[in-house]
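A short write-up of the structure that comes next.
The values are calculated or read from the model by the stated rules, or taken from the named source; none is laboratory data. The structure displayed is predicted, hence computed values, not measured ones. Every residue, glycine as well, gets a Cβ built from its backbone with ideal geometry; the counts of neighbours run over all protein chains shown.
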């Protein structure tokens with residue numbers, strides 16, 4: 001009776017062994033399975049590289065806009081354009097002239113402050129507890145011979161912030177890009 005049991009299980013074991021051996025020898029589809037295993041990491045890295053490139057491009061555009069706005073501010077063109085609304089308009093026009101193809105100028109926030117000496121030119125941090133708060137930003141292009149600090153802030157969404165934390169600065173997952181310049185106004189009037 002025990003011999004009959006052994007004979008009955010032996011064909012099943014050999015059938016299972018043969019199936020496993022056939023499965024091990026069959027290599028069709030192995031490449032597809034391997035690609036499916038590494039595809040999420042590959043595409044995640046690819047998107048992170050592309051997003052980092054676009055972030056650097058936007059920061060470069062932001063810095064270009066700040067340089068253009070700096071040029072019209074230090075020569076007195078902004079201060080000489082009229083009242084505060086006209087000054088802000090002249091500043092934004094100079095800022096947005098060459099960068100509007102990449103950055104939405106309406107979303108850029110400016111902090112422009114004038115100081116009498118460079119040692120006093122401390123700018124407050126508008127990010128508190130991971131939230132960008134533009135309520136304390138000012139616009140003062142200064143007078144002749146004054147030191148002016150310009151900062152432009154631009155929030156941009158980050159697609160890959162979920163898989164990396166090197167660029168996500170804000171608690172909402174967005175990245176805050178900053179362009180800045182510090183300079184002394186020219187003596188376009190009495191100092």
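Side notes on the structure shown:
- Residue 99 falls short on exactly one of the conditions (1) out of contact with any helix residue (DSSP H, G or I) (no Cβ under 9 Å at 6 or more places or on another chain); (2) outside any helix (DSSP H, G or I), and that condition is (1).
- Within region 50-82, the residues that satisfy the criterion of being in contact with a helix residue (DSSP H, G or I) (Cβ under 8 Å, 6 or more places away or on another chain), buried (at least 17 other Cβ atoms within 10 Å of the Cβ) and in a helix (DSSP H, G or I) are 51, 65, 66, 68, 69, 72, 73, 79, 81.
- Of residues in region 21-31 being assigned to a helix (DSSP H, G or I) and exposed (fewer than 10 other Cβ atoms within 10 Å of the Cβ), the one modelled with the lowest pLDDT: 23
- Hits in region 47-62 (condition: without any contact (Cβ under 8 Å) to a residue 24 or more places away in the chain and either more than 12 Å from residue 102 (Cβ to Cβ) or within 11 Å of the chain's Cα centre (by Cα) (or both)): 49, 50, 53, 54, 56
- Scan of region 148-173 for residues that are surrounded by 17 or more Cβ atoms within 10 Å (Cβ to Cβ), at pLDDT below 85 and either assigned to a loop (DSSP other than H, G, I, E, B) or touching a strand residue (DSSP E or B) at 6+ places or on another chain (Cβ under 9 Å) (or both), ordered by number: 158, 161, 167, 168, 169
- Condition check for residue 145: in a loop (DSSP other than H, G, I, E, B) and out of contact with any strand residue (DSSP E or B) (no Cβ under 7 Å at 6 or more places or on another chain): no
- Put simply, of 122, 90 the only residue that is within 21 Å of residue 178 (Cα to Cα), surrounded by 13 or more Cβ atoms within 10 Å (Cβ to Cβ) and free of Cβ contacts under 8 Å to residues at least 24 places away in the same chain is 90.
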